[in-house]
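Encoded as structure tokens, the structure appears first; notes follow it.
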Amino acid sequence: MVADNIHPESLTAQGLGWVDETTRAINPSIPMSSTYVRDADNAYRSGRVYMRDQNPAFDQPETLITELEHGHQTLLFASGMAAATAVFQALHPGDHVLAPQVMYWSLRNWLMNFATSWGLDVELIDMTDPAAVEAAMRPGSTKLVWIETPANPLWTITDIAATADIAHRAGALLAVDSTSATPVLTQPIDLGADLVMHSATKYLNGHSDLTAGSVTTRSDNEHWRRLRSVRAQIGGTLGSVESWLLLRGMRTLYLRVRAASSSAQRIAEHFDGHGSVVEVLYPGLPGSAGHEIAKAQMSGGFGGMLSIRVAGGEAAAIAVAANVKLWKRATSLGGVESLIEHRSSVEGAGSPVPTDLLRLSVGIENVEDLIADLEQALSTLS
Ligand code: PLP
């Protein structure tokens, strides 16, 4: 155990400081058993029966995420999508849920195409406007409000505390996809959220070498117990090796997120007002729509994600992505390497994303190298 007053970066660097009691190793072993022996009197005193949802490899990363999010408990999943969809699958047919118009596109697609056919009443609204959230609430039937802040890939900001208040007054839970904010920059539970979800594939792991997801709850309640059953019974759980890698990646979370945020701020400021850039979308820019709320609910930076809209439209944006040398043309985000992506090519018809938008996931390379590479790619337009 570690002292209670230790800073989260110390806790994270040491993976909670846990030591293997048998070997005294400072890194856990990787458990590779799918099943556990029952005692002769038919009991299971070890507390473990089967690997699917009782894998000891979950214990350390789940406890660490719970600590960082100031929550009650965390569940790991095989991907961010498995984690997010479990939150909705734990609801009941007929429940009304609100989700943002601007959000991770694959979850939006799942909500509109699958969750609705399972009986959820899904409504997409403008989550940046508390009055719109208030107006959309149906007390008694709205059971969940889902937000993402900053929201992919326009990086719009939702006021977590105000939205939690609106949700709670109507008897609904507030769930936050905090993937891009990370626990380094925002603690949604402290601001009133009931659930915090991460695509741990991104910043928590940080090395683009696995998929994982997590959900952390503020408290034990009926919805959380159903969510635990969803994980146990549907079984979208993480493997032991991936759980180990996730814990290893998290040890450098604070260093990586702070470096990426500081570089993203510098890149946003550099290209704001640039002749070949129509708009820079980044909540750290003082003139941006969500800046004041972001300043109040994020601390230590505004994250490593930003988007730029390229002068000259879709073809010009695709040409810039084609001409970078250091940035990697790839989907995903939150890794140590910087990624660039023409987002509307991915999201397709029905996406709110402008066709001239390039999404940038800033890694931990030298920021001047990243700026110079974008400058040379933009210069090929003229
Ligand atoms: N939420 C956000 C904000 C994401 O960016 C992603 C993936 O890009 C997900 C959820 C889904 O996570 P995963 O790819 O781990 O399933």
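The values are calculated or read from the model by the stated rules, or taken from the named source; none is laboratory data. Since the model is a prediction, treat every value here as computed from it, not as a measurement. Cβ atoms come from the backbone with ideal geometry, glycine included; neighbour counts cover every protein chain shown. To get the accessible areas, we keep the full protein, side chains included, count just its heavy atoms, and leave off ligands, DNA and RNA. Shrake-Rupley method; radii C 1.70, N 1.55, O 1.52, S 1.80 Å.
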## Note on the structure
Among helices (runs of 4 or more DSSP H) completely within the stretch 299-382, the ones holding 3 or more residues that are within 16 Å of the ligand (Cβ to nearest atom) and within 23 Å of the chain's Cα centre (by Cα) are 343-347
#### Entry: Scope the stretch 20-46; condition open to solvent by less than 60 Å² (accessible area, probe 1.4 Å) and either within 17 Å of Leu245 (Cα to Cα) or modelled with pLDDT under 95 (or both); matching residues
Asp20, Ala25, Pro28, Pro31
### Query
Which of (1) in contact (Cβ under 8 Å) with a residue 40 or more places away in the chain; (2) in a helix (DSSP H, G or I); (3) farther than 28 Å from Asp369 by Cβ; (4) not aliphatic (A, V, I, L, M) does Ser263 not meet, given it meets every other one?
(3)
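One line per residue, one yes/no per condition, for (1) within 16 Å of the ligand (Cβ to nearest atom); (2) under 20 Å from Ser79 (Cα atoms); (3) open to solvent by less than 40 Å² (accessible area, probe 1.4 Å); (4) part of a helix (DSSP H, G or I):
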{"position": "Asp190", "(1), (2), (3), (4)": "no, no, no, yes"}
{"position": "Thr211", "(1), (2), (3), (4)": "yes, yes, no, no"}
{"position": "Arg231", "(1), (2), (3), (4)": "yes, yes, yes, yes"}
{"position": "Trp244", "(1), (2), (3), (4)": "no, yes, no, yes"}
### Query
Which one of these does Asn109 not meet: (1) within 16 Å of the ligand (Cβ to nearest atom); (2) in contact (Cβ under 8 Å) with a residue 12 or more places away in the chain?
(2)
### Task
Find the residue count for the stretch 268-293, including only residues that are touching a residue at least 40 places away in the same chain (Cβ under 8 Å) and closer than 13 Å to Leu360 by Cβ.
5
### Query
Which of the residues that make up the stretch 253-262 are over 17 Å from the mean Cα position of the chain (by Cα) and closer than 24 Å to Leu210 by Cα?
Leu255, Ala259
### Task
Return yes or no: is Ser180 over 30 Å from Pro139 (Cβ atoms), surrounded by 24 or more Cβ atoms within 10 Å (Cβ to Cβ) and out of contact with any helix residue (DSSP H, G or I) (no Cβ under 8 Å at 6 or more places or on another chain)?
yes
### Summary
Only one of (1) more than 17 Å from the chain's Cα centre (by Cα); (2) surrounded by 19 or more Cβ atoms within 10 Å (Cβ to Cβ); (3) within 16 Å of the ligand (Cβ to nearest atom) does not apply to Gly235, and that is (2)
### Query
Only one of Tyr203, Tyr254 is in a loop (DSSP other than H, G, I, E, B) and in contact with a Ser or Thr (Cβ under 7 Å, 6 or more places away or on another chain); which?
Tyr203
### Task
Taking only the stretch 220-229 into account, find how many residues are under 20 Å from the mean Cα position of the chain (by Cα) and either open to solvent by 10 Å² or more (accessible area, probe 1.4 Å) or farther than 28 Å from Ser332 by Cβ (or both).
2
